[in-house]
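Asks: This is the structure I have questions about; it appears just below.
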């Protein structure tokens with residue numbers, strides 16, 4: 001998230017944009033990353049229970065992730081043009097759930113949305129908070145095709161490291177003391 005942890009509003013929706021999947025794109029992605037017959041072979045896929053080619057779930061996820069990164073970059077730029085400093089995003093410690101509800105077919109236009117559903121300060125990384133996010137993807141018929149519950153780190157703007165941690169950090173940089181602190185001796 002490109003807003004500071006303190007500025008993130010719970011349940012605010014961030015539209016991430018949409019993407020129209022083509023058969024050629026579905027096949028090209030699948031040949032590289034998920035070469036199962038129902039993603040790459042039109043004739044065989046017609047006779048499957050899918051009734052035709054469908055996009056790999058990983059293709060749907062990858063497009064959504066790209067849309068998310070692009071939207072967050074655009075939000076950071078928007079904040080800069082307002083004279084504000086964007087927040088700092090961190091890595092994701094994981095995905096809590098991921099569901100593929102309806103297959104994505106050639107010609108489907110999928111719209112993605114991110115909602116921060118909760119947040120709390122991190123217990124393990126001082127100065128950072130955890131964001132609990134829901135990422136959804138809906139096709140042009142309003143059907144939910146993908147849903148994920150994601151966790152990500154966001155930097156706290158107003159964080160000041162406690163004196164005890166600042167002292168430990170300073171001591172860890174002293175050649176004789178630092179190695180002993182890291183070994184716990």
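The values are calculated or read from the model by the stated rules, or taken from the named source; none is laboratory data. These numbers come from a predicted model, not from an experiment. Neighbour counts are summed over all protein chains in view; Cβ atoms, including those assigned to glycine, are modelled from backbone coordinates with ideal geometry.
Asks: Taking the range 37-50 on its own, how many of its residues are within 14 Å of residue 103 (Cα to Cα) and either modelled with pLDDT of 90 or more or within 30 Å of the chain's Cα centre (by Cα) (or both)?
Replies: 3
Asks: In the range 34-58, which residues are more than 13 Å from residue 104 (Cα to Cα) and either touching a helix residue (DSSP H, G or I) at 6+ places or on another chain (Cβ under 6 Å) or not in a loop (DSSP other than H, G, I, E, B) (or both)?
Replies: Start the filter on the range 34-58 by keeping residues that are more than 13 Å from residue 104 (Cα to Cα), which leaves 34-37, 40-49.
The answer is 34, 37, 40, 42, 43, 44, 45, 46, 48.
Asks: Mind checking whether some residue in the range 110-129 is over 26 Å from residue 86 (Cβ atoms) and either surrounded by 12 or more Cβ atoms within 10 Å (Cβ to Cβ) or in contact with a strand residue (DSSP E or B) (Cβ under 6 Å, 6 or more places away or on another chain) (or both)?
Replies: So the first thing to find is which residues in the range 110-129 are over 26 Å from residue 86 (Cβ atoms), and the list is 110.
When the remaining residues are screened for being either surrounded by 12 or more Cβ atoms within 10 Å (Cβ to Cβ) or in contact with a strand residue (DSSP E or B) (Cβ under 6 Å, 6 or more places away or on another chain) (or both), the result is 110.
Taking every residue of the range 110-129 in turn, at least one turns out to be over 26 Å from residue 86 (Cβ atoms) and either surrounded by 12 or more Cβ atoms within 10 Å (Cβ to Cβ) or in contact with a strand residue (DSSP E or B) (Cβ under 6 Å, 6 or more places away or on another chain) (or both).
Asks: What's the total number of residues in the range 51-72 that are in contact (Cβ under 8 Å) with a residue 40 or more places away in the chain and surrounded by 14 or more Cβ atoms within 10 Å (Cβ to Cβ)?
Replies: Of the residues in the range 51-72, 14 are in contact (Cβ under 8 Å) with a residue 40 or more places away in the chain and surrounded by 14 or more Cβ atoms within 10 Å (Cβ to Cβ).
Asks: Select from the range 1-33 the residues that are surrounded by 15 or more Cβ atoms within 10 Å (Cβ to Cβ) and farther than 18 Å from residue 107 by Cβ and write down the one among them that is nearest to the chain's Cα centre (by Cα).
Replies: Of everything passing the filter in the range 1-33, 1 is nearest to the chain's Cα centre (by Cα).
Asks: Here is a further query. Only one of (1) more than 19 Å from residue 159 (Cβ to Cβ); (2) surrounded by 14 or more Cβ atoms within 10 Å (Cβ to Cβ); (3) modelled with pLDDT under 95 is not met by residue 89, so which one is it?
Replies: Among (1) more than 19 Å from residue 159 (Cβ to Cβ); (2) surrounded by 14 or more Cβ atoms within 10 Å (Cβ to Cβ); (3) modelled with pLDDT under 95, residue 89 violates only (1).
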